[in-house]
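*Asks:* Mind having a look at this structure? Questions to follow.
Only the coordinates and a few stated rules stand behind these numbers; no lab work does. In this text, all values refer to a predicted model and were calculated from it rather than measured experimentally. Reconstructed Cβ throughout: ideal geometry from the backbone, glycine too, with neighbour counts over all protein chains shown.
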Amino acid sequence: MEKVIMFTDGACSGNPGPGGWCVILRTEKNGQTHEKILSGGERETTNNRMELTAVIKGLEALKRPCGVTETTDSKYVCDAVNKGWLSNWEKNGYMRKNKEIPNADLWKKFSKLISIHSVSFFWIKGHAGHPENEICDKRAVEESHKFN
């Protein structure tokens, strides 16, 4: 199984407001590092939607099942997987207190994608000098500004 290192970030001005996302995908092949950066945005969104979208877009870009190490500053994304929230949401039909959970549409896509790949989620503190996180943050903010 090919190994991929993925870094993601999302940004939103106003929350809700214009938002952006960015993902860095990195692989090693034949002793060489290959990297791809993807980004985009939406006119009216939230920060959590952009954080989730970044992960979704990164996983969608993979052409076959991979072993993915995902690094993000989003506790929302990491905790949903690492603390078992996502599996509980799935069991309950993405409902909580007779209401659909926020961002259920994205969580459903996310869940399908992480079932294809073997993904490990790692949290890092944002705006703390992590090089890839800083690149993703800068690009996500730039994407959000395209809608101002």
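*Asks:* Using only helices, what value at 222 nm comes out for the chain when you add -39,500 (n - 2.57) per DSSP H run of length 4 or more and divide by the total residues, to the nearest 500 deg cm²/dmol? All intermediate terms of the calculation are to be shown ahead of the outcome.
*Replies:* Numbers: 5 runs with 57 residues, N = 148.
The per-residue figure over the chain is -12000 deg cm²/dmol.
*Asks:* Hey, got the dipole for region 2-145? About the Cα centre, +1 on K and R Cβ, -1 on D and E Cβ, debye to the nearest 20? Intermediate values should be presented prior to the final figure.
*Replies:* On the way: 21 positive and 19 negative charges, 110 e Å.
Magnitude of the dipole: close to 520 debye.
*Asks:* Looking at (1) 52, 38, 26; (2) 110, 31, 24; (3) 47, 41, 22, which value of Cα extents along the principal axes in Å comes from a calculation on the structure shown?
*Replies:* (1)
*Asks:* Which semi-axes, in whole Å and largest first, does the equivalent ellipsoid of region 1-47 have when worked out from the alpha carbon gyration tensor as the square roots of 5 times its eigenvalues?
*Replies:* Values: eigenvalues 185, 13, 8 Å².
Semi-axis lengths for region 1-47 are 30, 8, 6 Å.
*Asks:* Can you tell which of Ser87, Ala140, Thr27 lies farthest toward the positive end of the dipole of region 2-145, using +1 and -1 charges on the Cβ of basic and acidic side chains (Lys, Arg; Asp, Glu)?
*Replies:* Of Ser87, Ala140, Thr27, it is Ser87.
*Asks:* I've got another one for you. Can you tell which of Gly17, Pro131, Val68 lies farthest toward the positive end of the dipole of the chain, using +1 and -1 charges on the Cβ of basic and acidic side chains (Lys, Arg; Asp, Glu)?
*Replies:* Looking along the dipole axis, the top candidate is Val68.
*Asks:* Let me have the relative contact order for the chain, percent, based on Cα pairs under 8 Å that are six or more residues apart. List each step's numbers first, then the result.
*Replies:* Details: 297 pairs, mean separation 52.2, N = 148.
That works out to 35 percent.
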